[in-house]
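The values are calculated or read from the model by the stated rules, or taken from the named source; none is laboratory data. Predicted, not measured: the structure shown is a model, and the values here were computed from it. Positions of Cβ are generated from backbone atoms using ideal geometry, with glycine treated the same way; all protein chains shown enter the neighbour counts.
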Ligand SMILES: [Ca+2]
């Protein structure tokens, strides 16, 4: 797929990716299971005022509790092997399970008035848990690096720059050969022009504990922000400014939003992951809207 072709050049720069991956490896002398993603001690990398969680109503909130096991929530469509399970949960007793696959989408998609109501600016929130160990890419002969690019949250929209259809990846990762990953914002045009994105260093490990993921997009200022367990991933975030669409292309409105897992390069036995407590709002959500009479489970 195009993704694999452009990751090395347009998106990352192969040598840059390599040096980042090596840097991440060289300083990671920890033994035992991987740390949380990111380490809990990671400071917020920006001195800017952190947006507070708001009190705006949730324009979409899905905890999977009312959906029968084996099905998906009403109002969504599904792609690939994805369904509600009661084998683990962040809230209550149920979550959404993405079954392992060598590649391809396992996701649920929402379109309609809830998504349109978000306009060009929203906060999103979900909890993610990933089965360990994860698959890692095999370095092709003659190459020095390889990635498995995965997307967990994706919107469909029209580019504000080219007015062509684009896939806007609001939460994604590239996993390197050592099993560490970068976070990235990524736009994949559906027509013949290269994808692009902005990614962090390969400093992060997936966690099999529930991990809070928050993203923010704003069309008016062409701003994207990503937070993991409350800490901003500053080198994946950006703010281009009003009308500065190049390298951002944050749309005026999304046609749909999808949640799940899609990896574009072969991942052998595949990633198995769970999502719970998806929410969308005009203000930061944090842990808001999660039933307090439920106990988070491992
Ligand atoms: Ca739940």
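Taking region 92-119, which residues are surrounded by 15 or more Cβ atoms within 10 Å (Cβ to Cβ) and not in a strand (DSSP E or B)?
Within region 92-119, 92, 93, 94, 99, 100, 101, 103, 114, 115, 118, 119 qualify.
Kindly indicate the residue of region 64-83 that is under 19 Å from the mean Cα position of the chain (by Cα), within 13 Å of residue 98 (Cβ to Cβ) and free of Cβ contacts under 8 Å to residues at least 40 places away in the same chain and also nearest to the ligand (Cβ to nearest atom) among those meeting that condition.
Ranking the qualifying residues of region 64-83, first place goes to 83.
Please indicate, with yes or no, whether at least one residue in region 229-245 is surrounded by 22 or more Cβ atoms within 10 Å (Cβ to Cβ) and either within 16 Å of the ligand (Cβ to nearest atom) or assigned to a strand (DSSP E or B) (or both).
No, region 229-245 contains no residue that is surrounded by 22 or more Cβ atoms within 10 Å (Cβ to Cβ) and either within 16 Å of the ligand (Cβ to nearest atom) or assigned to a strand (DSSP E or B) (or both).
I need every pair where a residue in region 266-283 that is at positive phi has its Cβ under 7 Å from the Cβ of a residue that is within 15 Å of the ligand (Cβ to nearest atom) and part of a strand (DSSP E or B), sequence separation at least 6 or different chains.
277/126; 277/127
Is it true that some residue in region 215-226 is modelled with pLDDT of 95 or more and closer than 18 Å to residue 265 by Cα?
no
Test residue 289 against the criterion of being part of a loop (DSSP other than H, G, I, E, B), within 16 Å of the ligand (Cβ to nearest atom), touching a residue at least 12 places away in the same chain (Cβ under 8 Å) and at positive phi, and give yes or no.
yes
Starting from residues that are part of a loop (DSSP other than H, G, I, E, B) and touching a helix residue (DSSP H, G or I) at 6+ places or on another chain (Cβ under 7 Å), keep the ones in region 134-158 and report whichever is nearest to residue 123 (Cα to Cα).
So the residue we want is 147.
Does region 251-279 hold any residues that are part of a strand (DSSP E or B) and away from the ligand (no atom under 16 Å from the Cβ), and which are they?
Correct list: 254, 255, 256, 257, 258, 261, 262, 263.
Does residue 108 satisfy being within 16 Å of the ligand (Cβ to nearest atom) and under 30 Å from residue 222 (Cβ atoms)?
Spelling it out, residue 108 is indeed within 16 Å of the ligand (Cβ to nearest atom) and under 30 Å from residue 222 (Cβ atoms).
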